[in-house]
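Pasting a structure here, questions to come.
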Amino acid sequence: MDFSSQESIKEVTCPICQELLREPMSLDCGHSFCEECITAYSESGSPQDLECCCPVCQSRYQPWNLQFNWQLAERVNKFRDVDMNSHQPRKSDLFEHHVENDQISYKEEEEAFSGLCVQEQQGHQMSPKEEVVKECQEKLQEALNKLTPEQQEAEQLEADINEERATWMYRMQTQRERIVQGFEEMRDILDKEEQRELQKLEEDEMNVLHDLTAAVDQVVQQKQYLSELVSDLQYYMSESSVDTLQGVINVLTRSKIWTLKKPKIIPKKLKSAFQVPDLNGMLQKFKELTEIQSYWVDLMLNPLNNLSNVAVSSDQRQVTFGQYSMFSNVYPCNFSAFDVLGSRNFFSGKYYWEVDVSGKIAWILGVYSTPSNLNRKKSSGFVFNPNVNYSNAYSRFRPENGFWVIGLQNESEYTAFEDSPTSDPKVLTLYMAVPPHRVGVFLDFEAGTVSFFNVTNQGSLIYKFSKCHFSQTAYPYFNPWNCPVPMTLCPPGS
């Protein structure tokens, strides 16, 4: 090692520990030490001493005034890297040593290169250099054969993971959208419930204020009349004479028949006390309706007579009373001029659809299935004419005749039609806390049930037909009745 190399080593060596500098710290005098070494050296002095002496030149320094030497630290790192590389053998050196002298014995080469050389093959003697190259090529090919399938497997794993990641991202996004939509629908339900309660309160307020105003007016009138009567009595008391006898008799008569009429008593309590909505019940109804809506089917409308008294829109989703329709009758039964069936017939399974009846004062809807024991002479020929006063225009709407329906009559009378021992159906009055603007119909063919839901009122159940005996086919049934407001079949998810 030459003198310059020794000086370079000395510059990067700590004078205290005689090792390569670690975190070099420099003093004012220019000497540098390991941070750990100079700190320990400084702390070894007396605690009362504010200054210490440099271990090399004895120059005084302040322990808190040490400076980190970035340039020296960089030189130490470079020196350390060079020192480590100098101890590692290079591959080229091995090959140069192996081939620098072709006269080295085969045994010596085998020991030097740990079996890299191979035996003579097929009578051809290879040079040591060729043998080494061939052996290396074989080793490389062996390693390549091993790693290539693993590389392909790694690429496939990456593709699978990316695909799984994309799938999970899609699932998460779908779930996120469902959560947002669910809470938006719940907030909408709560908003409608709030508006309904506020509207009821406003109606109560208007009624009470009207009664109170009328009561005040009545009391004011009586008070004015009573004031005049008292004034007359006081006058005749001071002016009593024969000349005023007639006036006295008159005022006494008025006083005798006078009675204070008290106004109508106003209740001190509100007519409709607010109660916090049953959130659990609301959420349960919402959950049930959401599950049922998963069976929502896309339907069209089709009138049943060539000259029906109904008009179906071009998209076959809206039916209106009062006009003729030229749709052909594709069904085998003779229906009334108002009957409309859905475009699909059902043989099994579960199905759901919704009908918008906003603004209508009369309608009928539900499910129709041709009964096996239908007395066609009795019921099939029935055609309702709104200009004729029938004893019961609803006599055919009963399960016995294949109808599982509910309806609205006279603007506010909601009814369901069940079988009865008589020729007329059993009409059940349905109470609606909230008039439905949209009605949901759910058909469960195997269970034999037809259920109706008030979608306007949080999906509450209106009525449910049980033990229904359908024939081979069931159809959605619609009847706009003699109301000119249209009945609209809602598309799925609307």
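With the cut-off at 21 Å, tell me which of the pairs Lys285/Lys360; Lys200/Lys262; Lys350/Lys426; Lys285/Lys350; Lys223/Lys256; Lys223/Lys261 have Cα atoms farther apart than that.
Values: Lys285/Lys360 26 Å; Lys200/Lys262 28 Å; Lys350/Lys426 27 Å; Lys285/Lys350 19 Å; Lys223/Lys256 16 Å; Lys223/Lys261 10 Å.
In this structure, Lys285/Lys360; Lys200/Lys262; Lys350/Lys426 lie more than 21 Å apart at Cα.
Suppose each label sits 7 Å from its Cα in the direction of the beta carbon; what would the Ser358-Thr422 distance come out to in nanometres?
3.9
Put a dot 7 Å past each Cα toward the Cβ at Lys256 and Leu279; how far apart are the dots in nm?
Going by the 7 Å Cα→Cβ label model, 7.0 nm.
Using per-residue counts of other Cβ atoms within 10 Å, averaged over each peptide, order 50-63, 479-492, 163-176 from highest down. Write out the running numbers ahead of the final one.
Details: 50-63: 14.0, 479-492: 19.4, 163-176: 10.0.
Sorting 50-63, 479-492, 163-176 by mean packing, highest first, produces 479-492, 50-63, 163-176.
Of the peptides 397-410, 216-229, how do they stack up when ordered by the mean number of other Cβ atoms within 10 Å, highest first? Show your work: numbers first, answer last.
Values: 397-410: 21.4, 216-229: 12.1.
So the peptides 397-410, 216-229, ranked by packing, come out 397-410, 216-229.
Quickly rank 289-300, 131-142 as a protection proxy: mean count of other C-beta atoms within 10 Å, highest first. Present the calculation step by step, with values, prior to reporting the outcome.
Working: 289-300: 15.4, 131-142: 13.4.
The peptides rank, most packed first, as 289-300, 131-142.
Now, a different point. Can you give me the long-range amide H partners of Gln318? Hydrogens built in the peptide plane at 1.01 Å from N, cutoff under 5 Å, separation of 5 or more residues or another chain.
Ser313, Leu489
For Val297 and Glu177, compute 0.36 nm times the residue count separating them, minus their Cα-Cα distance, and round to one decimal in nm.
Details: separation 120, 0.36 × 120 = 43.20 nm, distance 2.19 nm.
Net length gain for the segment: 41.0 nm.
Further, regarding this structure: Between Ala40 and Tyr170, with labels modelled 7 Å along Cα→Cβ, what's the label distance in nm to one decimal, could you check?
The modelled label-to-label distance comes out at 6.5 nm.
Give the long-range amide H neighbours of Trp363: residues separated by 5 or more places, or on another chain, with amide H under 5 Å away, using H modelled in the peptide plane at 1.01 Å from N.
Leu408
The numbers here are math on the coordinates, done by the rules we state, and not lab data. Keep in mind that this is a model prediction, so the values were computed, not measured. All Cβ positions, even for glycine, are placed from backbone atoms using ideal geometry, and neighbour counts span all protein chains on display.
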